[in-house]
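First up is the structure itself, then whatever we jot down about it.
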Amino acid sequence: MKTFEDLIDEVQQPGLCHRCGGCVTFCTSINYGALELDEKGMPRFADKNKCIECGLCYSICPEIDEMQEETRQVAGWVPPIGNVIETTIARAIDPAIRAAATDGGVVTALLVHLFDRGHIDGAIVTKKSGPFEREPMLALSRQDIIDSAGFYFDSSHAVKHFGHDYSTYSPSVQEFRPMIQKGLRRVALVGTPCQIRTVRKMEAMSIVPSDSVKYTLGLFCSGNFLFDTDERQKLEKIGGFRWGDVEKVNLKEKLLIRLRGGEIKTISLDQIDFMKRYACRFCPDYSSEFADISFGGIGAEDGWTTVITRSPLGRAIFADAKGRALEGYDFSGKPDLSLEVLDKIKDASSKKRAYSKRMHDSLVQAQRGGRGA
């Protein structure tokens, strides 16, 4: 049985940890203080003696290949980019949501619709906590959801907050009491590919409280990026702008920086590769292949969101929201656009997967070289 110490050796030490927070959040002994997240979101022992070495943290890590086939079955995954029922483009009907959002506000509008219809009791989202920082939030009202709208361009530990308000592994009445008191039995999770995959792995293992995550809304992800002082200064020089003039940041096929005067600075992804977190270089999933619905800006016009419905559940909630909370794009003048968008997503996914493989291969070779030395 492999334990958290093996996770440190195989994932943390090589720099592969995505900081999704799953290992800490769902640790069997979290209530006894075995694991914790440090100030940078990295999992660590809080008290090694309290670890019962159950191996759960190791099994659910998205970098570990255990339960891979079972996880794919839970998500209905098929090659090459997961199940795709429909690829379309949409935006929020509410102009206030569109104004706050980065693209078309579809994720926010869909969450508000689910909340208003009584389908969810809350949503795990992120909210802005600083100029270049966001933190996880359990949204318990439609206003909470709206306030969380907007693009985040830094690392987000969305799964972490879930464990603070829910029980962990053991399904005892006492551990469920906080959740029952809040009435949070139906939650929507908005997350990056690694976070969605962690929850899917937990579903495959029938681990509580993954059964309370009713909807998984995945975000297209080229990687999480660091915005320390050095990175910000270098990006200013590359783009020829000042952060004080920035109104909005967006990421599609390129990084788009909208200035207050209306000018948009365009920077290629290759130029910002120096800002990417090291672990993200090993992630093969661009389009949140394990989600019920995936969202991003690639292929869509400004002010619109690209949407992939992946599961029957995802298709159902998206269809229910159309005409009520969501407006579909008019494809009559561009009948082939949805196929063109899907091709762009497949291309971006293929490139990320190939890059991930090269990075993994290089790491294996380096480790073998180190052992040989």
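The table for this structure:
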quantity	calculated
Local electrostatic count, R260, Cβ distance below 13 Å [Lys/Arg +1, Asp/Glu -1]	+1
Cα-based equivalent ellipsoid, the range 191-333: semi-axes from gyration tensor eigenvalues, Å	31, 22, 12
Neighbourhood charge, 12 Å Cβ-Cβ cut-off, centred on L56 and excluding it, Lys, Arg +1 and Asp, Glu -1	0
Protection-proxy order for peptides 90-96, 261-267, 214-220, each taking the mean of Cβ atoms within 10 Å per residue, highest first	214-220, 90-96, 261-267
Amide H contacts under 5 Å for K127, placed H, 5+ residues apart	E135, M137
Rg over Rh, two decimals, the range 326-373 (C-alpha only, Kirkwood Rh)	1.44
Fraction of alpha-carbon pairs over 12 Å apart in the range 227-275 - percent	60
Stokes-Einstein D for the range 10-106, Kirkwood Rh over Cα pairs, 10 °C, 1.306 mPa s (µm²/s)	95
Radius of gyration and maximum dimension Dmax of the chain, Cα, Å	20.3, 65
Selected from Y278, Y286, Y32 as most flexible by GNM, with the chain as the system and alpha-carbon contacts under 10 Å	Y32
Antiparallel DSSP beta bridges within the chain, as percent of all bridges there, nearest 5	75
By average C-beta atoms within 10 angstrom, highest first, the peptides 105-112, 250-257, 357-364	105-112, 250-257, 357-364
Residue-averaged [θ]222 nm for the chain, counting only DSSP H segments that reach four residues, each worth -39500 (n - 2.57)	-10500 deg cm²/dmol
With eigenvalues of the C-alpha gyration tensor scaled by 5 and rooted, the range 258-373, Å	35, 20, 13
Gain on full stretching of the segment that runs from C54 to I264 - 0.36 nm per residue minus C-alpha separation	70.5 nm
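Where a number appears in this text, it was derived from the coordinates with a stated rule and is not lab data. Computed from a predicted structure; not experimentally measured. When we count neighbours, we look across all protein chains shown, and the Cβ atoms used for this are built from the backbone with ideal geometry, even at glycine.
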